[in-house]
Each structure stands twice: as structure tokens, then as C-alpha cells.
Amino acid sequence: LPPLQDVARSNPNVTAVFLETIQGEGGINASRWDYLQGLRRLCDERGWLLMLDEVQCGIGRTGKWFAHQWAGIQPDVMPLAKGLGSGVPIGAIVAGPKARGCWARATTAPPSAAIRWPCAPVLKRCASWKKTALLANAASVGKALHDGLARELAGLAGVKEIRGAGLMIGIELTRPCGVLLGRAAEAGLDAQRHRRQRDPPGAAADPQP
Ligand SMILES: Cc1ncc(COP(=O)(O)O)c(C=O)c1O
């Protein structure tokens, strides 16, 4: 937080802080929960908007609907996509009362049918997820996967860290791993397909049936 506090002192033009709650493509780097809590306090003190990108870590992937819930805080603005659509091309920006008035009404919009068709299946999916144990599944399968990976890989030369939350897990290696992706593809595991994250985020099956 100190670098942000410095910015707060020296720059009166800041209006918002924007970050991923858990960095995805950047390497599965989770914000510390106490850091997020401090950030929430700082944003409240300064009147800044706290904007948390949950495009990748939201919609159940970590075992909560949204990853910031692990820190017990609420953002003012939150973009969502990926798991929200499970393959349907849709994104959303969720905004709380502090962000009210920040958006101008769009002067052009797609035809209403174009808006409705992705919304209807997504709303149905959200309702069905509420009925299933999606969140608990993501937490328990994620833990089983994390424990299994730690058991098999921790301590191996080249494995630096296994980290993440729920089913959002990353393995940091000490060397570039392009060759491993090639070998995975040869063995029939299409890592790129999984990177696209089309499947419902918490719906993975237990790795040890
Ligand atoms: C965390 C996060 N935010 C936003 C996006 C969306 O990026 P774009 O608008 O470039 O598709 C992605 C895509 O990978 C992402 O992982």
C-alpha cells in the first residue's frame, strides 16, 4: 500500500484504482486479502473508486461467487465475462452506488434482439448454478487438485511454487515451459482449449474419483 499512499499524497487527480483480484494471464498472482482490505479503506478515505476485474477469477472459480469475497470487501465497479457466459459471448460491468453517474447513456446500441439472445441463456445458467453446489464444488475439487499437485510436484527441481485459490491454480516453474505445452498437446491435453475457459468455472470433476 505505501506506493499508493504516496500517489495519494502527490497526485490530486486520481479517481480510481483498477486491478485484478487474482491476476490470471499475469501468472495466477492473488492479492493478499489484507492488501485488498487496506485498498478498500484507502479508496474510501480518498473518494476513489475501487475497480476489481473479476473476468477470470469471478463466477465461482475460486469457491466464492467473486474472489474479493474472500477478503470480505466489496468493489465499486467489477467487470465480468468468461465464466459468466460459459461459451456465450457476453460481458458485464457491475457497478455500485458510488459509481452512479459515471456512465453516460449510450447514444448508439445494438438492436435489442442482439442484446437479449445472450442474456436469456446466461440468466438461466446463473439460476441453475445457484441450485447446484457449484461454489462448494470449486472449493473442494480445487483443494483436492492443489493438494495432489503439491504432493506430486513440490520439491521437484524446476517447480518454484504452486499457488492460487479454488480452481484457479498456477504452477510457477523456474524455466520457460513452452516445450511442456507441446508435450501435453501430444499426449492429448489441449492446454489452449482450457485456457479459453469456456466451461462453467466451478464445474470440474474431482481429480481423484
Ligand atoms: C482478467 C481479464 N480481464 C479482462 C479480459 C478481457 O480482455 P479483452 O477485452 O482484451 O478480451 C481478460 C481476458 O483474458 C482477462 O483475463
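Read-outs: derived from the displayed coordinates by stated rules, not from any lab. This is a predicted model, so every value here is computed, not measured. Here the Cβ positions follow ideal geometry from the backbone for every residue, glycine too, while neighbour counts run over all protein chains shown.
How large is log10 I(q)/I(0) at q = 0.10 Å⁻¹ when the Debye formula is applied to the Cα atoms of the chain, each weighted equally and without solvent?
Listed by q, the Debye log ratios stand at -0.54.
Using helices alone, what [θ] at 222 nm do you get for the chain, with -39,500 (n - 2.57) per DSSP H run of 4 or more residues, divided over all residues and rounded to the nearest 500?
-11500 deg cm²/dmol
Can you compute the charge dipole magnitude of the chain about its Cα centre, using +1 on each Lys and Arg Cβ and -1 on each Asp and Glu Cβ, nothing else charged? Give it in debye, rounded to the nearest 20.
600 debye
For the chain, what proportion of DSSP beta bridges, expressed in % and rounded to the nearest 5, is antiparallel?
Percent antiparallel among DSSP bridges in the chain is about 65.
Provide, for the chain, the number of lysine pairs with alpha carbons under 23 Å apart, each pair being eight or more places apart or on different chains.
Within the chain, the lysine pair count is 12.
With the dipole of the chain worked out from charges on the C-beta (+1 for Lys and Arg, -1 for Asp and Glu) around the Cα centre, which of 93, 166, 21 lies farthest toward the positive end?
93
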